[in-house]
1. For T237 and E15, FRET efficiency with R0 = 45 Å and r from the beta-carbon atoms, rounded to 0.05?
2. Calculate the spin-label point distance for R307 paired with S31, positioning each point 7 Å from the Cα along the beta-carbon direction, and give it in nanometres.
3. Take each uninterrupted DSSP H stretch in the chain, measure its Cα extent along the helix axis, and return the ones at 30 Å or beyond whose mean Kyte-Doolittle hydropathy is at least -0.5.
4. Among D131, D174, rank each residue by its count of other Cβ atoms within 10 Å, from fewest to most, as a rough exposure measure.
5. Using 0.36 nm per residue of separation minus the Cα-Cα distance, give me the extension gain between F127 and S200 in nm, one decimal.
6. Given L137, P162, N76, which one lies farthest toward the positive end of the charge dipole of the range 74-168, if we put +1 on the Cβ of every Lys and Arg and -1 on the Cβ of every Asp and Glu?
7. Using only the alpha carbon atoms of the chain, find the Kirkwood hydrodynamic radius as the inverse mean reciprocal pair distance, in angstroms to one decimal.
8. If the elastic network links every pair of Cα atoms under 10 Å, which of Y57, Y236, Y118 fluctuates the most in the Gaussian network model of the chain?
Amino acid sequence: MFLKQLEYLIAVIEEDHFGRAAARCNVKQPSLSNGIKQLELELGVTLFKRGRGQRLYGITEEGQRVAHWAHMILANFNAMRDTISEMQGNLHGRIRIGAMPSMSPVLPIILQRIRKAYPGVSVDVRFAGNDELKVGLDKYSINCAITYMDHQKEMPWCNALPIFEETWSLLVPDSFEYENVSEISWEDAAKLPLALLRPSMYERQLVDNTFQQAGCEVTPKIESESILHLMFQTQYTELCTIIPSHFTRMPGLHTGTKAILLKDPVVKKSVGVFWVKTETIMPITKIAAEVGRSLAENNELQNFLYRPNSA
């Protein structure tokens, strides 16, 4: 058995196609197919459900179990390689960070700290919902995740370190009617024409729950999976939207818009870095933990994102 065979297995599962998996692994499809067949022969099991012409119809139960082990074996091999380079004072490799979409303005601060401390390490950022982040951590396809600390109970197999506390603002057109308004209640915000995230997104569910706490329900005029798109709606139309208040600092408000703090209640959500618990923390994963810890000390990240006049 070779590590390449395990990489082929994971690629086929994730791409759900032998041809795309071969392209991803930079090999010809016959080479990849032969590698998979050899792995099946060595293990004595069928890993994939195939039809005519080797058409792929899914993964077998045995294949799922082998894939679980393959993720761990590959992750530990990479960790061993990183440990050796760390011992030689030349840590290099790739750290894969998963994050919820609202972290887009925050990540440049975190990544800059990583790049300065570890110039030999490259960074791969993937934005995803919390369910996908959990799967990514479980399958070792990401080294760490940045998401709400609310999810800590759902992931007892992960370490979690809070790095800042998020609040929310209502983004409105910068017009005369909001000229002297710096705060607005959720109840009053519910009366305005709104553009919100899709109901399937966790952030939207938090927004809906807060409106319900305020005794009101909303029916948005527009729904989208992109916060930036919703901000453009406010910039060019009469619609208002709800954004994490740190969007007012990075990347900054769009021209012609204004952020108003939402109150009654003022929502505060703790955001943290998550990584899988292991007996010995992997060198690449340790980077995220160290940087997160340094940013959490003395509320450095909190003070940068939410210092006065940032909302």
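We did not get these values from a lab; they are worked out from the coordinates using the rules stated. This structure is a prediction, so every number in the text was calculated from the model and none was measured. Glycine also receives a Cβ, built like all others from the backbone with ideal geometry; neighbour counts cover every protein chain displayed.
1. With R0 = 45 Å, the Cβ-Cβ based efficiency is 0.70.
2. According to this spin-label approximation, the distance is 5.3 nm.
3. Span-like helices here: 61-87.
4. Ranked by crowding around the Cβ, least crowded first: D131, D174.
5. Additional length available on full extension: 24.7 nm.
6. Positive-most Cα among the choices belongs to N76.
7. 21.9
8. Y57
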